[in-house]
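Data first, discussion second: the structure below is written as structure tokens.
Every number in this text was worked out from the coordinates using simple rules, so none of it is lab data. All of these numbers come straight from a predicted model, not from anything done at the bench. No Cβ is skipped: glycine too gets one built from the backbone with ideal geometry, and neighbour counts run over all protein chains shown.
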Amino acid sequence: ALLGGLRRASLQHQHLLHLLHPLHPLHDTLRYDSPLPLESLMPILLDGSSLTIEKLVRVARHGERVELAPAALERIAACRAMLEQKLAAREIMYGTNTGIGEFSEKILTDEQVKEFQRYLVYNHAAGIGDPLPIEAVRGALAGRINVHAHGNSACRPEITLTLVEMLNRGVTPVVCQKGSVGACGDLAPMAQAALVLMGEGEAFFEGERLSGREAMERAGIPVPGLQARDGLAAINGSNMLTAISALHVYDMGRWLKQADIAAAMSIEALLGNLRPYHPKLHELRGFAGALASARNIMKVIDGSDLATGRMKTKVQDAYSMRSTPQVIGAARDALAYARSQVEIELNGVGDNPIWVPELKLTLTGANFQGSPVSLPMDMAGAAVTMVSVLSERRMNRLTNPALSQGLPDFLAHEPGFYSGLMLSQYTADSLIVEQRILSMPASIQSIPAAADQEDFVSMGMNTALKNGQILDNAYGVLGIELMAAAQGLDFRQFSPGRGTARAREVIRRHVAHLEVDRPLFDDHNAMKALVKSGEILDAVEAEVGTLE
């Protein structure tokens, strides 16, 4: 009756009713008369099918509350009941009453089944290195809850509900960055997170790094412990690499919009011919990304004296200018594919084995394999590198006196005595070489493991980690182009586009015009931070409308 009521309840009431459910780990400790904070009334619903990248960012990065859908709780309970029946009938099920990997043929006794999950988690918590960012781990926990929500993982409902409370109360397991090969999922980092479900390991809570047990106690979350199947259900999926990839897809999308803004600024500063950005040109070819990029550039330049046709321009500009929509557009199309793959994975059943209660069926396979995410994300990382190379080439034209359409040498006020932005190009070049090295696909780098039982793995976590470095460098490269474009525009005696002017205004709040030479590392770091923050994008969109 309570579950039926949950279905009918409004979202505002669902959160409280969910906490009152007898399966909830806080059922016996919650004060029912405690007022719920306003922000908890509309949590993000995790139902197994509607988790978008934007929602995951809100949970992982901004700490928004989550709610397990009532129907999902029913599915989880039904699947667990099926598992219990099969265990009672002594049906052989991988990872439940058998060993794992190379030991999958080892049949466990009833007594061993009870203890096996604990040792499984111990054995797999074998990572190395500094902790992953809190947002990455929060994203992985949200993704794992969404897997469980399908009702095919056969863990106890207490496990999933405890993960929900860990997110909502800010208990984030300490997880090493390295050690996952992306199949069977992200075993090492997810196992380190699962230690907290036993009151072990470590966790961040309210700015402190604590033992897992102390963090759970301070947060008021009972430790559920692990029973049959629970441990493997908590770790056997590519949730960490997928969560990190989701965050990267979001950030790469905002970065590409800023790449369009930087291109528009440089094109104006270089007195570019605007015909290559006419939307009709790109409609005729048919690539959606190129058309979006061209429209973005023209939207930023709108209102410029350059757009009137009265200013003298070259008949045809260099590729780094006139092929900008095609190049950024290709990156945008690659990112769109990566987005679709990441969101499929966020809402899929990434686990092994998988139970299908309606068919009374247990299936073993490889739905933990990270390749469907790692391959497109390798491409997304290479796409960001490609656009960074294009950015540096436009920056080169701004500073090279042979190519800059009359701008001062290296954008210096007294060339020869001052060197202007000459060394800024060196910095951009060093970042790009590192990006190129990191753009080698990780998804083709499989090394067999587990006595060749796991003889092909995705290395998707390597993809996720290197994409973070690629994107970090990309902020710096684009920041340097934006700084150079603003400097170039300062020398021009015409009115730039509304979006261009707004972007330059934001830049000048953080980095002053280079009148006389000064150490540039502060400017470079300020511009990198500015691009990462998205402040330029937000200001330009407020001025000219949302970019695509």
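Looking at segment 194-259, what % of the alpha carbon pairs are farther apart than 17 Å? Tail of the P(r) past 17 Å holds 60 percent of the pairs. Placing +1 on each Lys and Arg Cβ and -1 on each Asp and Glu Cβ, with no other charges, gives segment 165-282 a dipole about its Cα centre of roughly 520 debye. The distance between label points at His413 and Lys312 comes to 2.8 nm (points 7 Å beyond Cα on the Cα→Cβ vector).
Sorting the segments 298-307, 382-391 by their residues' average number of neighbouring beta-carbon atoms within 10 angstrom, most packed first, yields 382-391, 298-307. Dividing the summed helix terms, -39500 (n - 2.57) for each DSSP H run of n ≥ 4, by the number of residues in the chain produces a 222 nm estimate of -18000 deg cm²/dmol to the nearest 500. Between helix 157-169 and the chain there is an angle of about 40 degrees, using the helix long axis and the longest principal axis of the Cα atoms. Could you point to the residue in Gly545, Ala428, Gln469 farthest towards the positive end of segment 421-548's charge dipole, with +1 and -1 charges on the Cβ of Lys/Arg and Asp/Glu respectively? Comparing the listed Cα positions along the dipole, Gly545 ranks first. The H on the amide N of Leu68, modeled in the peptide plane, is under 5 Å from the matching H of Leu46, each at least 5 residues off or on a different chain.
Each label point is 7 Å from the Cα along the Cα-to-Cβ direction; what then is the distance between the points at Glu74 and Phe287, in nm? Those two pseudo-labels are separated by 4.8 nm.
When each of the peptides 228-239, 443-454 is scored by how many other beta carbons lie within 10 Å of its residues on average, the order from highest to lowest is 228-239, 443-454.
Considering only beta bridges that DSSP places wholly inside the chain, some 75 percent are antiparallel.
About its Cα centre, the chain has a charge dipole of approximately 1380 debye under the convention of +1 per Lys or Arg Cβ and -1 per Asp or Glu Cβ, with nothing else charged. Between the residues Pro372, His124, Phe103, the greatest Cα displacement towards the positive end of the dipole of the chain, with unit charges on the Cβ of Lys, Arg, Asp and Glu, is found for Pro372. Only the Cβ atoms of Lys and Arg (+1) and of Asp and Glu (-1) were treated as charged; on that basis the dipole of segment 230-290 about its Cα centre amounts to roughly 320 debye. The convex hull drawn around the Cα atoms of segment 494-548, when projected onto a plane and averaged over every direction, covers 4.5 nm². When the chain is described by a simple charge dipole with +1 on each Lys and Arg Cβ and -1 on each Asp and Glu Cβ, the residue from Thr52, Ile76, Met198 located farthest towards its positive end is Thr52. Calculated FRET efficiency, His278 to Glu434, Cβ-Cβ distance, R0 = 25 Å: about 0.10 to the nearest 0.05.
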